[in-house]
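Peer 1: Can you keep this structure in mind? I'll have questions shortly.
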Amino acid sequence: MPTALSLLNSVFGYPAFRGRQAEVVDHVVDGGDALVLMPTGGGKSLCYQIPALLRPGTGVVVSPLIALMHDQVMALRQVGVRAAYLNSALSASAASEVEQAFVRGEWDLLYVAPERLVTARFMALLERAELALFAIDEAHCVSQWGHDFRPEYIALSVLHQRFPQVPRIALTATADAQTRAEIIARLQLEDAQQFVSSFDRPNIRYQIVEKNDPRQQLLAFIQEEHPQDAGIVYCLSRRKVEETAAWLQKQGITAIAYHAGMDVAVRQQHQDRFLRDEGIVMVATIAFGMGIDKPDVRFVAHLDMPKSIEGYYQETGRAGRDGAPADAWMAYGLNDVVQQRRMIESGEADPQFKRVAQTKLEALLALCEATRCRRVRLLDYFGEAAESCGNCDVCQTPPATWDGTQAAQKALSTIYRTGGRFGAGHLIDVLRGQPTEKVRQWGHHQLSVFGVGNDMDDKAWRAVLRQLMAHGYVSVNHDAFGALVLTATSRAVLKGETQVWMRKELGTKPPKRLSSRPLAAPQNAEDDRLFEKLRAWRQTAARELNVPAYVIFHDATLALIAQRRPATLAELGEISGIGARKLESYGAGLLAVIHATV
Ligand code: ADP
Ligand code: ZN
C-alpha cells in the first residue's frame, strides 16, 4: 500500500511535502472536508491529487479554467496519473468516451467545468461512479464581492447535499476573511477543517512608483530589470491593452495582447504563446491570469491601479511561482485615484456594495502611500503579522515625509472657494496663480486662494491632491465629471486640528537586481552551458507533445541536473522533480544530453 510520501517521491519526484501539504493530504485521505488557503505557487494541487490517488475511486476536480484544463491534464499524464477533463472544448463523442471511462473507474482525476457538473445528467453520472473526493479549485469564485465571481459556483452546494459521504476540499489563494466566510457559507463547509498558510511571497519584490510618463517608465523597467523575461502587464481597459502592446512591440519588446473583447481563437492563441514560448510580455486586462501556472513569470506590472488589495495580490502573485526572484511593479498617480473613486461612485451598485468597494480601495491606497514596509501592510490586510522585509522599495529606499498640513489647507480651501465643481487641473491652476482662460472666465483669479501655492510646481501639487484623496480628505463628485469635493474629515484639517504627513516621493528606484537569469541558473559557465543544452532539449520535447516546456521539467530540475551531472538513471532519479514515469520517458534522453556536453 503506497503512502502519501511514497507517492510524492515516486510519482511527482519530490523529496518532501511543503508547508501544510502533508496535514491536508492526511485529513482528506481520512475522509475529512478541508478548506485550503495557500498563496499562488504554494502547492495546492498536490493537496487533492495525492488523496485522489490514495482513495478508491476518482477525484472530481471542479475548475473554472477551461482553457487550461488540457495543460493540467497533460502535466498529470506526464507523471503517469490517469487524468482527463470534460468541458465544452471536447466534441460530444470525445466527452462521451471520457464519461464512460469515468463510470468504469478508469480515471484517478477528472477535471470538470462547474456548469457541466451541476447538470442533472452529470449528477446521474456521478451516482454511477465511485468517487474519491471533490476538489473545488479557485473556490473564491463563489464570492459575489470578488472579481472572479462565477454564478455556477453557487450551485456547487448540491455536491454536499447529494454526496455527503464524499470528502470535499476547497482551495483558493484569496485570503481575506470576508471571502473565506463566503466560501464556507455558500459551499456548506462549516465543518471543514481550515488550513491557512502564510501568504507571504518572499521572492516577490514590491515596488510602486509615481506615474509620470507611464509607458516610458514601464519600458525602462523592462529593459533594465527584465530584458529577456516573461512578464504580465495589466491595464484597465481593452483599448489601453492594445495600444500598450503595440507600443511595446515598436520599442522592440516581444509583447502580445489579451482581453475579453478579442476573438476567442486569437485570445487562446496568445495565451498558448505566452505559456509555450520564452520571454513573452503579455499585456492584458484582468481577464487574463487566473490559473496560469507558468512558473517562470519574472514580473507583473500594473499600468493602472487595481480595485483592491485582493486583486493586486492575486495579480502580482502570478510572478515567481518557481520561488526565484520576481518583481511586482506598479505606476500610480492622481488620476488612478480619481478614476477608481469615480468608477465606484458612478456604478449602478447598491449603497452597501459601494461602501465595501470604497473600503477595499482605501486599503489599497494606503498600500500605495505606505511610508513603512509594503509587505508588512499587505500581510496585515490578510491578518498576518510580519517584520520589515528588506525586499520592497520602501524598505530599500525609505521615503522622506514632510508636514503637509499647510499645503493641505491651501488645497482644501481652493476646493471650498471654487465650490467643489472642478477637477485637479483647474484647482492647481488656481493654486499656482495661472490666469488661464477658464480661471478668468470663472473669476477665480479674484479669489484669496489664487496663487497661494505658487511655491510648489504642478507635480508637487498633484502629489498633494493624490495623498489627500488617498487619505480620504478629498473625494470625487460622481455627478460632476471628476470634480474634487471636500469630505466629512476635511474640516478638521482646515481648522488645524489634524496634521497631515505626506510622502516626499513615491518609488525612488531600489537598487538594481544583479541578475535575472532563470531560476538559480548555474553560476559557473560549464554548468550554464549544459543548462542551456538541457533547455533546448526540453523545448523540442515540449513541441512534440504540444505542451508548455515546464510540463516536461521545471528550470529548477534542469539546473540541478546541470550542477550534479548524474551519470546513471539511478542518480538521475534522485533529482527533485523526476519521478518514476518521467525517468522512464526522459531518462535516456537526458543522459544523452549530459554525455554529449560533458
Ligand atoms: P498553487 O496551485 O498553490 O498555485 P501549484 O500546485 O501549482 O501551486 O504548485 C506550485 C509549484 O510548486 C508547482 O510547480 C509544483 O510542482 C511545485 N510543488 C508543489 N509542492 C511541492 C513539493 N512538496 N516539493 C516541490 N515542489 C512542489
Ligand atoms: Zn519591505
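The values are calculated or read from the model by the stated rules, or taken from the named source; none is laboratory data. Just so it is clear, the model here is predicted, and its values are computed rather than measured. Neighbour counts run over all protein chains shown; Cβ positions are idealised from the backbone, glycine included.
Peer 1: What is the one condition in (1) assigned to a helix (DSSP H, G or I); (2) within 16 Å of ligand 1 (Cβ to nearest atom) that Phe353 does not satisfy?
Peer 2: Phe353 satisfies every listed condition except (2).
Peer 1: If you take the residues of region 25-50 that are within 11 Å of ligand 1 (Cβ to nearest atom) and over 19 Å from Pro202 (Cα atoms), which of them is surrounded by the fewest Cβ atoms within 10 Å (Cβ to Cβ)?
Peer 2: Of the residues in region 25-50, the ones within 11 Å of ligand 1 (Cβ to nearest atom) are 25, 36-50.
With over 19 Å from Pro202 (Cα atoms) added as a condition, the list becomes 25, 36, 45-50.
On the way: Val25: 26, Val36: 29, Ser45: 19, Leu46: 21, Cys47: 26, Tyr48: 29, Gln49: 24, Ile50: 28.
Ranking the qualifying residues of region 25-50, first place goes to Ser45.
Peer 1: It is to be established whether one or more residues within region 258-266 are crowded, with 19+ Cβ neighbours inside 10 Å and either within 16 Å of ligand 2 (Cβ to nearest atom) or within 28 Å of Gly42 (Cα to Cα) (or both).
Peer 2: Within region 258-266 (the criterion being crowded, with 19+ Cβ neighbours inside 10 Å and either within 16 Å of ligand 2 (Cβ to nearest atom) or within 28 Å of Gly42 (Cα to Cα) (or both)), the answer is yes, since at least one residue qualifies.
Peer 1: Yes or no: Leu53 modelled with pLDDT of 95 or more, more than 14 Å from ligand 1 (Cβ to nearest atom) and assigned to a helix (DSSP H, G or I)? Give the derivation first.
Peer 2: Working: modelled with pLDDT of 95 or more: yes; more than 14 Å from ligand 1 (Cβ to nearest atom): yes; assigned to a helix (DSSP H, G or I): yes.
Spelling it out, Leu53 is indeed modelled with pLDDT of 95 or more, more than 14 Å from ligand 1 (Cβ to nearest atom) and assigned to a helix (DSSP H, G or I).
Peer 1: Restricting region 74-113 to residues that are part of a loop (DSSP other than H, G, I, E, B) and hydrophobic (A, V, I, L, M, F, W, C), which is modelled with the lowest pLDDT?
Peer 2: Filtering region 74-113 down to residues part of a loop (DSSP other than H, G, I, E, B) leaves 79-82, 87-91, 104-108, 113.
Right, trim to hydrophobic (A, V, I, L, M, F, W, C) and you get 79, 81, 89-90, 107, 113.
Working: Val79: 97, Val81: 98, Ala89: 87, Leu90: 92, Trp107: 98, Ala113: 94.
Checked region 74-113; the qualifying residue modelled with the lowest pLDDT is Ala89.
Peer 1: So, of the residues in region 389-404 that are within 17 Å of Arg201 (Cα to Cα) and in contact with a Lys or Arg (Cβ under 6 Å, 6 or more places away or on another chain), which turns out to be farthest from ligand 1 (Cβ to nearest atom)?
Peer 2: By that ranking, first place goes to Val394.
Peer 1: In region 362-375, what residues are within 15 Å of ligand 2 (Cβ to nearest atom) and either over 16 Å from Pro39 (Cα atoms) or not in a helix (DSSP H, G or I) (or both)? Break it down into steps so the answer makes sense when it comes.
Peer 2: Let us first name the residues in region 362-375 that are within 15 Å of ligand 2 (Cβ to nearest atom), namely 366-375.
Result: Ala366, Leu367, Cys368, Glu369, Ala370, Thr371, Arg372, Cys373, Arg374.
Peer 1: Right, something else. Considering only region 159-181, state which residues are crowded, with 19+ Cβ neighbours inside 10 Å, among the charged types (D, E, K, R) and either part of a helix (DSSP H, G or I) or touching a His at 6+ places or on another chain (Cβ under 6 Å) (or both). Please lay out each step first, then the result.
Peer 2: So the first thing to find is which residues in region 159-181 are crowded, with 19+ Cβ neighbours inside 10 Å, and the list is 159, 166-176, 179-180.
Narrowing further to those that are among the charged types (D, E, K, R): 168, 176, 180.
Arg180, the sole residue that qualifies.
Peer 1: From Asp229, Asp304, Asp293, grab the single residue that is in contact (Cβ under 8 Å) with a residue 24 or more places away in the chain and in contact with a Cys (Cβ under 7 Å, 6 or more places away or on another chain).
Peer 2: Numbers: Asp229 fails: in contact with a Cys (Cβ under 7 Å, 6 or more places away or on another chain); Asp293 fails: in contact with a Cys (Cβ under 7 Å, 6 or more places away or on another chain).
Just a single option satisfies the conditions, and that option is Asp304.
Peer 1: Still on this structure, I have one more. Any chance you could count how many residues in region 376-415 are part of a loop (DSSP other than H, G, I, E, B) and of a type outside the set (D, E, K, R)? Talk me through it step by step, then tell me what you get.
Peer 2: Just the residues of region 376-415 that are part of a loop (DSSP other than H, G, I, E, B), to begin with: 382-391, 397-400, 404.
When the remaining residues are screened for being of a type outside the set (D, E, K, R), the result is 382-383, 385-386, 388-391, 397-400, 404.
Result for region 376-415: 13.
Peer 1: Restricting the search to region 297-348, which residues are among the charged types (D, E, K, R) and outside any loop (DSSP other than H, G, I, E, B)?
Peer 2: So in region 297-348, the residues among the charged types (D, E, K, R) come out as 298, 304, 307, 310, 315, 318, 321-322, 327, 336, 341-342, 345, 348.
Within region 297-348, Arg298, Glu310, Glu315, Asp327, Asp336, Arg341, Arg342, Glu345 qualify.
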